[in-house]
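Report on the following structure.
Nothing in this text is a laboratory measurement; each read-out follows from the coordinates by a stated rule. Predicted, not measured: the structure shown is a model, and the values here were computed from it. Backbone-built Cβ (ideal geometry, glycine too); neighbour counts: all protein chains shown.
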Amino acid sequence: MTISVFDLFKIGIGPSSSHTVGPMIAARRFLYHLKRHAVFLHTEKVVIDLYGSLALTGKGHATGTAILMGLQGEQPHLIKANTVSDSLKQIIKSQKLDLLLEKEISFNRKQHLRFNYQSVLPEHPNGMSFTAYDAYGIVLKQRSYYSIGGGFVLSEDEMTLQAEKTEDKTSFQFSSAQELLSQCEYQHLSIAELVLKNENSHRPYQDTKQGILNIWQAMDECIQQGCHAEGLLPGGLNVERRAKKLHQRLNQTSSEDNLSLMDWVNLFALAVNEENAAGGRVVTAPTNGAAGVIPAVLAYYVRFVNPNQEITKEDGILTFMLTATAIGALFKENASISAAEVGCQGEVGVACSMAAAGLTAVLGGSNQQIENAAEIGMEHNLGLTCDPIKGLVQIPCIERNTMGAVQAINASRLAILGDGHHKVSLDQVIETMRQTGSDMQEKYKETSQGGLAVNVVEC
């Protein structure tokens, strides 16, 4: 298992890890592919074809915009979200693209950015192709990429090779929850400690620690930004931001309500996903569509559950994130975290499972209780569809993150009340999730062709 905490948790911009972050990465990679083959300077035209879910919901997910930013050399973790709109306007006005800010070419968005609504590339529903032409219209290079969820991008060659086994230099390898638990028992380690040893096999401990704390800082800043922003979200649905008003209300009322903590958890998730829907700076956790669940649960722990710091704040954050990484890696390797492949069970469902595991770990749960919490978190998200209205990551996505966060807390509580023994294993639930996603009709997998995406419009 080679997936790192920094693979699952990546700083980028909204509204989608698979439809925004991934395509931006792919576009930039294509240009470096041209450089490696010494045809970059001869390129006079680039045509982009989007397929499957990228085509069907690409406009609502700002896929085209992300690709144009990537072609100009932008990277998700470095791009300033407030500059994207002006950059796009300049491209449209000038009909020029400055590839990697090194070579200017003509660009007509209607002709050179094509949405192939009826076609799907063979390897994955999130497929895209880039074609470079010279001044005479001769094809220099053509290459396809697949955005497989959570900002992970594979070329067509890599999709073919990914099933092949490569040498794993991490300290402890595991491909199932059972193997993970067995390794931990044999080594007398918690899940977080085992994952940390794997991380430390790739970099110094202080780098891992600081990197994780930086991720939490980005999550927390996203919560704060969302709590103070107002207005309508972009895209035409006229969805009004709610986090600021809820934040003000919670700060003005007493805490006599026994359920007030739930309101705070809802607030944290709302704030993050409203920022995501607005194209703000967020962290894939493990995707953008589910970006509010883990920050909301971690913020709940940091601010309310451990106020006297029975363990230090930093140690709690590390334990939470490392434990969540182990669970997310199992879903990524054995099923999917792409809604275009398995529906929203692969996004909010996985985030709920990861958050439940992380919370259980910082509350002192055993490895068996952690595995139980992760299992509960996914078991009751099985079959969750992805049916965004107008292809926007707004309805039902924003509220769905609040539900996932609260459900994760409840899953953790149920697991801690038990002794770790339970009938259904996490491995069985992951396999069931994979099978359910395979059986799910395509219209419920991030196409906006079923569910709320069609029924709300008809009403």
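Details
- Cβ crowding within 10 Å, taken as a proxy for footprinting-reagent exposure, orders S129, S17 from fewest neighbours to most as S129, S17.
- Rounded FRET efficiency, nearest 0.05, which uses the C-beta distance separating Q75 from D207 and R0 of 25 Å: 0.80
- Counting every other Cβ atom within 10 Å of each residue's Cβ, S448, S425 order from fewest to most as S425, S448.
- Taking Cα atoms only, the orientation of helix 348-362 departs from the longest principal axis of the chain by about 40 degrees.
- Normalised contact order of region 177-458, rounded percent, pairs of Cα under 8 Å and 6 or more residues apart: 21
- Net charge of neighbours whose Cβ lies under 13 Å from the Cβ of V424, counting Lys and Arg as +1 and Asp and Glu as -1: -4
- Distance between the 7 Å Cα→Cβ label points at N200 and L382: 3.8 nm.
- Per-pair calculated FRET efficiency, R0 = 51 Å: H37 and R413 via Cβ, rounded to 0.05: 0.35
- Residue range of the chain that is longest and free of chymotrypsin sites (Phe, Trp or Tyr not before Pro) which are both DSSP loop and sparsely packed (at most 14 other C-beta within 10 Å): 137-459
- Likely footprinting exposure, R109, R143, R400, fewest C-beta neighbours within 10 Å first: R109, R143, R400
- Cα centroid separation, region 321-373 to region 85-136 (Å): 36
- Full-extension gain in nm, N306 to E230, via 0.36 nm per residue minus C-alpha separation: 24.3 nm
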